[in-house]
1. Residues of region 22-40 being modelled with pLDDT of 90 or more and small (Gly, Ala, Ser), which ones?
2. Would you tally the residues in region 91-118 being modelled with pLDDT of 95 or more and under 10 Å from SER61 (Cα atoms)?
3. Against the definition (in contact with a helix residue (DSSP H, G or I) (Cβ under 8 Å, 6 or more places away or on another chain) and in a strand (DSSP E or B)), how does THR92 come out, yes or no?
4. Looking only at helices (runs of 4 or more DSSP H) that lie completely in region 1-75, which have at least 3 residues being exposed (fewer than 11 other Cβ atoms within 10 Å of the Cβ)?
5. List the residue pairs whose Cβ atoms are under 9 Å apart, where the first residue sits in region 115-143 and is on the phi < 0 side of the Ramachandran plot and aliphatic (A, V, I, L, M), the second is at pLDDT 95 or above and not in a helix (DSSP H, G or I), and the two are 6 or more positions apart or on different chains.
6. So, in region 91-112, exactly how many residues are under 23 Å from the mean Cα position of the chain (by Cα) and in contact (Cβ under 8 Å) with a residue 24 or more places away in the chain?
7. Here is a list: THR43, THR4. Which entry is over 13 Å from the mean Cα position of the chain (by Cα) and at pLDDT below 90?
8. When GLU147 is evaluated against the numbered criteria (1) among the acidic types (Asp, Glu); (2) under 19 Å from ALA28 (Cα atoms); (3) surrounded by 13 or more Cβ atoms within 10 Å (Cβ to Cβ), which criterion, by number, is the only one it fails?
Amino acid sequence: MSRTSDENEPELAPGTPEVLQAATRVLAGVALRSLDVLDSAVTLPQFRLLAVLADLGPVPSGRAARTLGLDPSTVTRLADRMVTAGHVARGTDPAHRGVVTLALTPSGRKLVAAADNWRKRELARIMAKLAPADQAAVTAALALLVEAAGDEYGVTAHRPVPL
């Protein structure tokens, strides 16, 4: 199977796409495994909603949909399940009573914290295999990558990445 080059595809140093793909697989694997500590309490899409609400706080459901890159009706269905499970609460915007807001409940916060804590421990375990100078280099490089990606991939103003 031959690969055609996209004329709009930026030129990268040799090996860069492969390393980035491998890093993506590692980080996605860590993220997925972190859901195992939740004992099947939520699916990955449901957890993504919880994580966005943890980052943003109470927000209109439309903003949650935009942040997730999902259709508002999809977020409504996700929220329905999370409200029923007790992890999300619906409300209204006091300034615009027709706007539905979503917020984490204590149960939802507990789920996000459990997954985040597991993830931090696992990433620390992986990073500990590197020399301190290499840990600093990886941290600096990933901070640059996160900054270059911007808000488009889920980093919000409430969770700035230290440089």
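1. The answer is ALA22, ALA23, ALA28, GLY29, ALA31, SER34.
2. Looking only at that region, the number is 2.
3. On the way: in contact with a helix residue (DSSP H, G or I) (Cβ under 8 Å, 6 or more places away or on another chain): no; in a strand (DSSP E or B): yes.
Criteria not met by THR92.
4. 16-34
5. Going by the 9 Å Cβ cut-off, the qualifying pairs are ALA137/LEU130; VAL138/LEU130.
6. Pass one, region 91-112, residues under 23 Å from the mean Cα position of the chain (by Cα): 100-112.
Next cut, in contact (Cβ under 8 Å) with a residue 24 or more places away in the chain only: 100-104, 108-109, 111-112.
So the count comes out to 9.
7. Just one listed residue meets the conditions, THR4.
8. Going through (1) among the acidic types (Asp, Glu); (2) under 19 Å from ALA28 (Cα atoms); (3) surrounded by 13 or more Cβ atoms within 10 Å (Cβ to Cβ) one by one, GLU147 breaks only (3).
The values are calculated or read from the model by the stated rules, or taken from the named source; none is laboratory data. Fair warning: this is a prediction, and the values are worked out from it, not measured in the lab. Methodologically, a virtual Cβ is constructed for each residue, glycine included, from the backbone with ideal geometry; neighbour enumeration extends over all protein chains shown.
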